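See structure below.
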Amino acid sequence: MDLEHPVSAPERWRVVVFTNLPGGGVYTLLDGVMRQLGHAIVGVVTTPGPKRRRSRGYLDVVATVRPGVDVLVSNHPERWAAMLAPLRPDLIISGSFPWRIPIDVLALPRLGAINVHPALLPKYRGPNSIQWALRNGDRELGMTVHRTAFDFDTGPILAQGSVTIGDDERGDVLLGRLLDLAPGLVRQALERIARGEPGEPQDEAQASYAGLFEDAWRRIDWSRPAREIHNQVRSWSLFGDGTDWAEGDIDGAVLQIGTTRLLSPEETLTAVPGTVLQREGNGLVVQCGDGPIEIVAWNPVAAGPETDSSAPA
């Protein structure tokens, strides 16, 4: 994080943050930037989220917020404007927030609202951007700070950056590296806002949407290439907690698979896909359609996410 040379702000802004990211990372990140710049977070809005995007991340947010900052936990967007108006916000900043922010809320701050989105917009708008980048085998992940419009992730762009994706990097590690980019990008965006710059409109011809995965994507088909299976596993294990991993059949048992590692093909191309080629400690090597893959972290489905990995019976 480059916080050694804060921007000299002509005034102290009152900021309201919208987030429910597990761990409270968005709030912590923005609090650090705002304090360096002489601004103040006066309120935080967090939420359990709508039915299809339910999350306990709001509990982390509540636990992380500094004493003295108002916290609103709500699943009722139609009530937010009335509850936030007394805070007199100058700016709203959102990041990893599952509800569409209503027009009457966006109208409250005199400087408008901005959003921190983990993609190189206009590519991968929507709630599942990092996961789709991993699923598609992209070589980089992006972060964009943009002005907030009523439609998700569509407003003018104020700042962008990216990190490369290594073959053996899990989604949660990549998310951490992306968050490291965010302070500098937020600072760039705030500088542009202070100058009254609108940002660059997004090119709708390049837009794509990253929606929630279909259920069928969870099940591993061992006849597919090892790299595709590797990307599939990573796309499900963003937060690395074992609760929402890909699943595969191995020796008659269904395993949740959270981490894999690509291997050299060697001389295993004639093995039947799904065959266990090697067991060593808690690791398994399984044949895919074009060669082997190592399964590094896994759980038996019936035993739950806290069970230690061990070879299936």
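The values are calculated or read from the model by the stated rules, or taken from the named source; none is laboratory data. Since this is a predicted model, take the numbers as computed values, not measurements. Methodologically, a virtual Cβ is constructed for each residue, glycine included, from the backbone with ideal geometry; neighbour enumeration extends over all protein chains shown.
So the values come out like this:
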| read-out | value |
| --- | --- |
| Identity of the residue in segment 142-159, farther than 15 Å from ALA210 by Cβ and in contact with a helix residue (DSSP H, G or I) (Cβ under 7 Å, 6 or more places away or on another chain), that ends up surrounded by the most Cβ atoms within 10 Å (Cβ to Cβ) | VAL145 |
| Qualifying positions in segment 103-124 - within 15 Å of the chain's Cα centre (by Cα) and not aromatic (Phe, Trp, Tyr) | ASN115, VAL116, HIS117, PRO118, ALA119, LEU120, LEU121, LYS123 |
| Members of segment 29-41 that are assigned to a helix (DSSP H, G or I) and surrounded by fewer than 18 Cβ atoms within 10 Å (Cβ to Cβ) | GLY32, ARG35, GLN36 |
| Condition broken by SER235, with the remaining ones in (1) modelled with pLDDT of 95 or more; (2) surrounded by 13 or more Cβ atoms within 10 Å (Cβ to Cβ); (3) not in a loop (DSSP other than H, G, I, E, B) satisfied | (1) |
| Given (1) in a loop (DSSP other than H, G, I, E, B); (2) modelled with pLDDT of 95 or more, index of the condition ASP168 fails | (2) |
| Pick from segment 254-275, criterion at pLDDT 90 or above and among the aliphatic types (A, V, I, L, M), ranking: nearest to ASP244 (Cα to Cα) | ILE257 |
| Residue in segment 160-216 that is surrounded by the fewest Cβ atoms within 10 Å (Cβ to Cβ), counting only those that are within 26 Å of LEU111 (Cβ to Cβ) and of a type in the set (S, T, N, Q) | GLN188 |
| Breaking point among (1) in contact (Cβ under 8 Å) with a residue 60 or more places away in the chain; (2) assigned to a helix (DSSP H, G or I); (3) of a type in the set (S, T, N, Q), for GLN188 | (1) |
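Let's see how each residue does on (1) closer than 20 Å to ASP180 by Cα; (2) of a type in the set (Asp, Glu); (3) modelled with pLDDT of 90 or more:
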position: ASP2; (1), (2), (3): yes, yes, no
position: PRO10; (1), (2), (3): no, no, no
position: VAL16; (1), (2), (3): no, no, yes
position: VAL26; (1), (2), (3): yes, no, yes
position: LEU29; (1), (2), (3): yes, no, yes
position: LEU37; (1), (2), (3): yes, no, yes
position: VAL44; (1), (2), (3): no, no, yes
